[in-house]
Amino acid sequence: MGAPTTFIVPCLVSHCSFQIHINRHRKQIASETNRWLVKQRNMPSDALRRLHGLNCGRLTAIFLTYLFFLDNLSDDMNDLSIAATADTVLSTLRNPHTYRASHVGKMTKDFYRPMVLTASAGTQQRFIKTFGLFFQSIQQQAQDRASGAIPNPDSYISLRRDTSGCKPSFALIEYANNLNLPDTVMEHSVIVSLGEAANDLVTWSNDIFSYRVEHAKGDTHNMITVVMNELGLELQPAVDIVGRKCKESIDRFVDYRLKIPSWSPSIDEQVQIYVEGLANWIVESLHWSFVTERYFGKRGAEVKANHVVEL
């Protein structure tokens, strides 16, 4: 039996009943982000075209574009190069007004300087801390890529929650809504579990949608590859298992949302805004994955309709 040439993606959109909220300023934001990209004179034209095709204005704009830029950059780096980039980015975040930065550092300053003006101290600390975890995890990913190692499911799940970049992105929910949530709230087990459920849905569904691209590159950091290796499965059964795990993560989010404790009227209101932001990430990431050209090129709408992905 030959290698499969297609696989069927699960219909995750139908399992998610969360309402979609689309920012009415998205086109203006996307246009300004594209102009910002053009200003990055050291960026190769092919990289610029790929970032334009992301259509990040539909999801988030400047930060996510920047994050995908770093992700694409790291694909061609070894762990030492990633460590050097991490040092530049984190030094810029810690000293945005004084650190003399390279090209990547200047891009970092562009989006972080406005954030410093209004984000709470807790939000800034969470953003920098989780961005540091992002770099640690993609450094491990680079080491595994070089050795061809495939992690086991438990270690992969833990690592994937950091390679996704969701954690610093979730800190931006606080920033965008002018929230000032204390550490005791953000570190509560229910709030942490809600974040993990949202992160798992975004990342595991992304592993399904990006498998075609990552399979072509021989990248082993993908939940489908991990499941195939761990259980000795062919492609489609592994995709089906990951699809079920995605649906379970949505169900987990719904369950934990019912268990949110009460702190005070002011805190409770902010918590509801933050959790709604996590729900937005779940539903909109599912829809955006078929709008962006990153995974299926121009065929996203077709794949969304018939669920067939050609390898």
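The values are calculated or read from the model by the stated rules, or taken from the named source; none is laboratory data. The structure presented is a predicted model; accordingly, all values stated were derived computationally and were not measured. Please note: Cβ atoms are built from the backbone with ideal geometry, for glycine as well, and neighbour counts cover all protein chains shown. All accessible areas refer to the heavy atoms of the entire protein, side chains included, with ligands and DNA or RNA removed. Shrake-Rupley method; radii C 1.70, N 1.55, O 1.52, S 1.80 Å.
Scanning segment 195-213 for residues that are of a type in the set (A, V, I, L, M) and open to solvent by less than 10 Å² (accessible area, probe 1.4 Å) yields a count of 4. Scanning segment 111-134 for residues that are closer than 20 Å to Gln40 by Cβ and surrounded by 15 or more Cβ atoms within 10 Å (Cβ to Cβ) yields Phe111, Tyr112, Met115, Phe131. Where helices (runs of 4 or more DSSP H) fall wholly inside segment 167-259, the ranges with 3 or more residues that are over 17 Å from the mean Cα position of the chain (by Cα) and of a type outside the set (Val, Ile, Thr) are 189-217, 223-231, 235-257. Contact annotation: residue pairs with Cβ atoms under 6 Å, 6 or more positions apart or on different chains, pairing a residue in segment 74-95 that is closer than 13 Å to Gln140 by Cα with a partner that is loosely packed, with under 14 Cβ neighbours inside 10 Å and not β-branched (Val, Ile, Thr), are Asp79/Gln143.
Touching a residue at least 12 places away in the same chain (Cβ under 8 Å) and under 29 Å from Thr5 (Cβ atoms), is that true of Lys259? Taking the combined requirement at face value, the residue does not satisfy it. For segment 155-166, filtered to residues that are over 12 Å from the mean Cα position of the chain (by Cα) and in contact (Cβ under 8 Å) with a residue 12 or more places away in the chain, the residue that is nearest to Gln140 (Cα to Cα) is Leu159. If you check Phe18, Phe69 for being surrounded by 14 or more Cβ atoms within 10 Å (Cβ to Cβ), at pLDDT 75 or above and more than 28 Å from Gly132 (Cα to Cα), only one passes: Phe18.
Condition check: of a type in the set (A, V, I, L, M, F, W, C), loosely packed, with under 12 Cβ neighbours inside 10 Å and without any contact (Cβ under 8 Å) to a residue 12 or more places away in the chain. Does Ala216 satisfy that? For Ala216, the condition - of a type in the set (A, V, I, L, M, F, W, C), loosely packed, with under 12 Cβ neighbours inside 10 Å and without any contact (Cβ under 8 Å) to a residue 12 or more places away in the chain - is not met. Residue count for segment 240-268 under the criterion of being closer than 22 Å to Ser17 by Cα and not basic (Lys, Arg): the result is 15. Within segment 236-276, being surrounded by fewer than 16 Cβ atoms within 10 Å (Cβ to Cβ) and in contact with a Phe, Trp or Tyr (Cβ under 6 Å, 6 or more places away or on another chain) holds for one residue alone: Gln236.
When residues in segment 157-191 are screened for being on the phi > 0 side of the Ramachandran plot and in contact with a Phe, Trp or Tyr (Cβ under 9 Å, 6 or more places away or on another chain), 1 of them pass. The number of residues in segment 21-60 that are modelled with pLDDT under 75 and part of a loop (DSSP other than H, G, I, E, B) comes to 11. Inside segment 72-108, residues that are in a helix (DSSP H, G or I), at pLDDT below 85 and surrounded by fewer than 15 Cβ atoms within 10 Å (Cβ to Cβ) make up a count of 4.
Consider Val283 carefully, then state whether it is closer than 17 Å to His188 by Cα and surrounded by 16 or more Cβ atoms within 10 Å (Cβ to Cβ). In short, no. Just for segment 219-235: of the residues that are closer than 16 Å to Ile8 by Cα and not β-branched (Val, Ile, Thr), which one is most open to solvent (accessible area, probe 1.4 Å)? Ranking the qualifying residues of segment 219-235, first place goes to Glu234. What do you reckon, is Pro265 free of Cβ contacts under 8 Å to residues at least 12 places away in the same chain, out of contact with any Cys (no Cβ under 8 Å at 6 or more places or on another chain) and of a type outside the set (D, E, K, R)? In short, yes.
Scanning segment 136-157 for residues that are over 22 Å from Ala197 (Cβ atoms) and in a loop (DSSP other than H, G, I, E, B) gives Gly148, Ala149, Ile150.
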